[in-house]
Amino acid sequence: MSIGGGVAKALLRGRDLGCETIQIFTRNSSRWQAKPLTDSQLAEFSKNRLLTGIRPVVAHDIYLINLASPDDKLYQRSIAAFWEELTRAEQLGLPYVVTHPGSHVGSGEEEGLQRIAQAISHLHRQGPDLKVQVALETTAGQGTNLGYRFEQLARLLELIEGAERVKVCLDTCHIFAAGYDIRTPEGYADVMAEFDRIIGYERLAVVHLNDAKRELGSRIDRHHHIGQGHLGIAPFECLLHDPRLLQVPMILETPKETSASGEDMDMVNLDLLRQLKTN
Ligand SMILES: [Zn+2]
């Protein structure tokens, strides 16, 4: 949800769409520098949280950050920026910062995973009392992005100091692009059983509901409106009826567009999901 006009405005936009949960950037997502949150911004945010009843509000980190970078300068900059992400989310009282784990940019997958684990371990030591938790997102595996196999997230959980503080975010478009076929109830059951075996349902803190513009295993990260891409309706029906996910916030990251008939596509996607939920 856009934070144009200030973080607190995102809650009002969410309320207007009938959202029960939202995801936000806590800062301009295309810049390294961010102004600190002011007391009045924090006060307005908590006021709007009470007013709208939206919870949880989940943070997503900015895409400039690469905790797997083999370039020391960029690596240190990323760690410092991720620390800011955590502290801003903490100030706002948000439970999770969702992050794409990182890109190894040619240094190799295991080396990249080691870098990410060292970075998050460092941040855990730097903030032993932080309540906000990192949620590692499953990725499409585009380029040298890590996190496209459940095993890679499991490896991170094995390497990170204080891994009990780390959660996972599952993105339907990303796992499909990475080769996990959830298009049928049987496929969904198999993939989620694999997720449970390798990572564990108890780690799953956030779900991103996105259809996919590209085919199974494309390794290309292109989100589409629910039911309009290669995933179709079935996986969303499965997720919405999965009894193990009743308490897990589910968030759309579909394109911010208007339909041919002038409807806000967020509203169209939400209506469709609510129909699937009650069917
Ligand atoms: Zn996502």
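Please treat every number below as a calculation from the coordinates, not as lab data. Every value quoted in this text rests on a predicted model; they were computed, and no experiment measured them. All Cβ positions, even for glycine, are placed from backbone atoms using ideal geometry, and neighbour counts span all protein chains on display.
For GLU202 and VAL105, the FRET efficiency from 1/(1 + (r/R0)^6), where r spans their Cβ atoms and R0 equals 35 Å, is about 0.60. The range 219-279 and the range 126-154 have Cα centres spaced 23 Å apart. At most 16 other C-beta atoms within 10 Å and a DSSP loop state: those are the exposed GluC sites (Glu not before Pro) I care about. Give me the longest piece of the chain that has none. That would be 21-160. The modelled label-to-label distance between LYS73 and GLN126, using points 7 Å beyond Cα along the C-beta direction, is 1.9 nm.
Excluding same-chain neighbours fewer than eight residues apart, the lysines reachable from LYS35 by a Cα-Cα span under 30 Å are LYS9, LYS47, LYS73, LYS131, LYS167, LYS256. Across the options PRO36, THR172, HIS208, the greatest Cα extent toward the positive end of the charge dipole of the chain (unit charges at beta carbon of Lys, Arg, Asp, Glu) belongs to PRO36.
When MET250, MET267 are ordered from fewest to most other Cβ atoms inside 10 Å of their Cβ, what list results? By the 10 Å Cβ count, ascending, the order reads MET267, MET250. With the simple spin-label model, which puts each label point 7 Å out from Cα in the Cβ direction, the SER46 to GLU151 separation comes to 4.7 nm. Between HIS208 and LEU170, ASP171, THR172, ILE251, the built amide H atoms are under 5 Å apart, and every one of these is 5 or more places off in sequence or on another chain. Count Lys and Arg as plus one, Asp and Glu as minus one, and take only other residues whose Cβ is under 14 Å from that of ILE198; the net charge is then -2. Please report ILE198, ILE116, ILE62 as a ranked list, fewest other C-beta atoms within 10 angstrom at the top and most at the bottom. Neighbour counts put them in this order, fewest first: ILE198, ILE62, ILE116. If R0 is taken as 45 Å, the Cβ-Cβ distance between LEU246 and GLU161 corresponds to a FRET efficiency of 0.90.
Among MET192, MET265, a tally of other beta-carbon atoms within 10 Å of each Cβ gives an order, fewest to most, of MET265, MET192. Ellipsoid fit via the Cα gyration tensor, the chain: semi-axes of 27, 25, 17 Å, each the root of five times an eigenvalue, largest first.
Dividing the summed helix terms, -39500 (n - 2.57) for each DSSP H run of n ≥ 4, by the number of residues in the chain produces a 222 nm estimate of -13000 deg cm²/dmol to the nearest 500.
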